[in-house]
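For reference, the structure discussed in these notes is given below.
Coordinate-derived values only; no laboratory data. Worth saying up front: this structure is predicted, and the values here are computed from it rather than measured. Reconstructed Cβ throughout: ideal geometry from the backbone, glycine too, with neighbour counts over all protein chains shown.
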């Protein structure tokens with residue numbers, strides 16, 4: 001019993017226990033390839049988060065091992081991510097006010113709180129929150145974050161110092177300082193960029209960021225480029241041993257400022273992770289558990305915080321490398337983590353000579369892959385509402401920051417949804433020559449049934465839209481040249497739960513139609529509606545409301561009633 005519960009919590013361990021030995025060669029190859037890509041990117045993202053470079057490596061090791069046991073995706077690789085690092089920097093940097101020790105402390109605390117939010121969400125089975133950040137919001141967010149990252153690295157790439165803190169101010173300041181660029185630093189940046197572009201063009205399967213960083217590090221090590229004014233990570237970025245934060249002067253009151261941003265970060269990271277995990281799971285023919293992924297993300301982030309690291313998420317580029325190299329299981333994450341651990345133990349001294357400008361170019365190179373302005377523009381033709389939401393998110397992230405931009409975008413998305421529920425689309429229905437029911441107006445072959453108005457309201461009925469629903473039916477009835485004798489409502493589309501206000505309004509609608517000599521029929525959900533009216537409107541007589549199983553039986557019911565009335569009329 002205990003083992004079953006234990007394995008249910010650890011779907012990755014279940015897969016590893018059923019491991020097929022034939023996968024081992026492919027998993028080792030994929031693990032080495034993932035480590036080769038993850039190493040330079042993790043160091044670069046540590047710079048983006050404004051913490052020591054080695055912290056980026058520690059943010060890979062334990063989280064990757066934890067996900068290998070708790071995650072349900074066989075291909076997904078977790079680790080430092082551009083979006084999460086940009087969010088952390090946007091939240092923590094103003095609070096730290098230039099204090100590097102406090103920056104690190106707050107980064108760890110925010111990561112820990114984020115992990116707690118993820119586990120809490122998993123406990124309440126909130127995996128459906130993956131759909132809260134819609135694709136337009138995520139598209140606008142990623143484009144905004146990518147541009148924010150790229151602009152933020154320009155100073156490092158050019159070897160200049162920009163005093164401005166906000167994006168717009170930086171964009172304005174750069175043209176005035178570009179002539180002050182440090183030529184040796186600019187040369188290292190140009191070499192890094194040429195290596196990245198050249199390898200991508202001629203040897204796409206090679207780990208371009210790793211090769212570029214190795215070449216520039218060897219150059220820095222062999223020529224002592226620091227004497228020419230080129231900034232490197234230095235020994236401070238790679239302290240020997242596990243990095244330890246001094247908590248003696250930590251200010252616990254600052255934790256209050258991190259609770260809501262950590263919740264936003266948890267949501268962003270989970271949505272990003274789920275998009276990557278779902279796409280690769282579909283490609284490889286298996287399903288993933290959203291709630292298990294929430295739990296795995298939470299545990300991985302807690303492991304990152306325990307190892308003094310920062311928040312991580314699903315890494316789409318490293319996952320793609322894993323899949324391209326034939327990775328079959330979570331063992332790939334374990335192998336990559338062990339390789340990174342060996343680098344941390346034995347190769348930190350050469351890493352001190354990594355030029356900061358080279359890391360800036362790698363970050364710009366990585367952020368460039370997030371930009372999809374054409375995708376935003378294409379939404380304009382397909383869905384104007386989605387296009388507006390994507391543009392709004394994009395502009396908000398650029399103008400007011402990542403966290404505030406996300407909050408406003410989610411709020412706008414919810415308002416758009418509420419507007420759709422408040423004022424949904426509607427159709428009047430008719431029948432074609434074959435007796436099939438379709439919407440009126442789509443084709444001249446569909447005709448209204450004489451004396452019958454069939455109506456469909458394309459939203460669940462609830463207390464805040466039922467008044468509009470009732471008003472629309474009465475307006476349609478009063479505006480038709482020939483007043484119908486029957487109003488048939490498609491109950492399947494709109495009656496989804498027993499709202500007392502809705503049932504009371506249906507009672508009122510029935511009375512208003514009766515004054516107009518019109519009978520009301522609800523077609524669909526007959527069993528549920530009978531029970532709901534009986535429980536909530538016990539005074540209503542059963543014959544006062546006509547309930548039928550579907551629209552076709554509603555028409556037969558009406559034809560039967562009218563034929564009986566016709567036969568009873570005196571000749």
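In whole percent, what relative contact order does the range 146-196 give with Cα contacts below 8 Å and a gap of six or more residues?
Numbers: 34 pairs, mean separation 19.8, N = 51.
Relative contact order here is 39 percent.
With labels modelled as points extended 7 Å from the Cα through the Cβ direction, what inter-label distance (nm, one decimal) is found for residue 342 paired with residue 411?
Once both label points are built, they end up 5.2 nm from each other.
Hey, what D do you get for the range 26-131 in µm²/s if you plug the Kirkwood alpha-carbon radius into Stokes-Einstein at 37 °C and 0.692 mPa s? Spell out each step's value before the answer.
Details: Rh = 15.2 Å.
In µm²/s, the coefficient rounds to 216.
Just rank 339, 41, fewest to most, by other beta-carbon atoms within 10 angstrom. Could the numbers behind the result be given before it?
Values: 339 19, 41 27.
If I rank by nearby Cβ atoms, fewest first, I get 339, 41.
Restricting attention to the alpha-carbon atoms of the range 160-316, what are Rg (one decimal) and Dmax (integer), both in Å?
In order Rg, Dmax, the Cα atoms of the range 160-316 give 21.1, 55 Å.
Run the simple label-point estimate for residue 500 and residue 534 please: 7 Å along Cα→C-beta, distance reported in nm.
2.0
Just to confirm the number: angle between the C-alpha axis of helix 331-346 and the first principal axis of the chain, 0 to 90 degrees, nearest 10?
For helix 331-346, the angle is close to 30 degrees.
Starting from the Cα gyration tensor of the range 70-200, take the square roots of the eigenvalues, sort them a ≥ b ≥ c, and report rounded, prolate or oblate (rounded when a/c is under 1.5, otherwise prolate if a/b is larger than b/c, else oblate).
Details: a/c = 2.17, a/b = 1.68, b/c = 1.29.
Prolate, since a/c reaches 1.5 and a/b exceeds b/c.
Find how much the distance from residue 259 to residue 171 grows on full extension, using 0.36 nm per residue of separation minus their present alpha carbon separation; answer in nm with one decimal.
On the way: separation 88, 0.36 × 88 = 31.68 nm, distance 3.08 nm.
That pair, residue 259 and residue 171, stretches by 28.6 nm at full extension.
Past the 17 angstrom mark, what percentage of all C-alpha to C-alpha distances in the range 426-568 do you count?
Working: 6097 of 10153 pairs.
Beyond 17 Å sits 60 percent of the P(r) for the range 426-568.
Per the Kirkwood treatment, what hydrodynamic radius in Å, one decimal, follows for the range 310-382 from the mean inverse distance over all distinct Cα pairs? Intermediate values should be presented prior to the final figure.
Values: mean 1/r = 0.0636 Å⁻¹.
The answer is 15.7 Å.
Would you mind telling me the antiparallel percentage of the DSSP bridges in the chain, rounded to 5? Could you put the intermediate results ahead of the total?
On the way: 11 of 23 bridges.
Counting only bridges with both partners in the chain, antiparallel ones make up about 50 percent.
Grab the Cα-Cα distance for residue 18 and residue 306, subtract it from 0.36 nm times how many residues apart they are, and report the gain in nm with one decimal. Don't skip to the answer; put the middle values down first.
Values: separation 288, 0.36 × 288 = 103.68 nm, distance 2.96 nm.
Result for the pair: 100.7 nm of gain on full extension.
At 37 °C and 0.692 mPa s, grab the translational diffusion coefficient of the chain from Stokes-Einstein with a Kirkwood Rh over Cα pairs, rounded to a whole number in µm² per second. Working shown, then result.
Details: Rh = 27.4 Å.
For the chosen part, D equals 120 µm²/s.
Binning every alpha carbon pair distance of the range 334-450 at 5 Å from zero, what are the percents per bin?
Values per bin, smallest distances first: 2, 8, 9, 9, 11, 9, 8, 10, 9, 7, 5, 3, 3, 3, 3, 2, 0, 0.
Please state the relative contact order of the chain as a whole percent: Cα pairs under 8 Å, 6+ residues apart? Mind dumping the intermediate values first?
Numbers: 922 pairs, mean separation 127.8, N = 571.
Averaging sequence separation for qualifying contacts and normalising by length gives 22 percent for the chain.
At 10 °C and 1.306 mPa s, grab the translational diffusion coefficient of the range 275-348 from Stokes-Einstein with a Kirkwood Rh over Cα pairs, rounded to a whole number in µm² per second.
Working: Rh = 13.9 Å.
After rounding, the answer is 114 µm²/s.
Share of antiparallel DSSP beta bridges in the range 426-568, in percent to the nearest 5? If you can, show how the numbers build up before the last one.
Numbers: 8 of 20 bridges.
Approximately 40 percent, going by the DSSP bridge assignments.
Compute the helix-to-body angle for 402-422: its Cα long axis versus the longest principal axis of the chain, expressed 0 to 90° and rounded to tens.
The two axes meet at around 10 degrees.
At a Förster radius of 56 Å, what calculated FRET efficiency corresponds to the Cβ-Cβ distance of residue 385 and residue 223, to the nearest 0.05? Before the final figure, lay out each step's value.
Working: r = 56 Å, r/R0 = 1.00.
According to the calculation, E is roughly 0.50.
At 222 nm, what helix-only mean residue ellipticity would the chain give, in deg cm²/dmol to the nearest 500, using -39500 (n - 2.57) for each DSSP H run of four or more? Kindly include the intermediate steps, with their values, before the conclusion.
On the way: 24 runs with 364 residues, N = 571.
Dividing the helical sum by the residues of the chain leaves -21000 deg cm²/dmol.
Which angle from 0 to 90°, rounded to the nearest 10, does the C-alpha axis of helix 466-479 make with the longest principal axis of the chain?
The two axes meet at around 50 degrees.
Defining a contact as two alpha carbons under 8 Å apart and six or more residues distant in sequence, what relative contact order in percent does the range 426-568 show?
Working: 196 pairs, mean separation 27.9, N = 143.
Relative contact order comes out at 20 percent.
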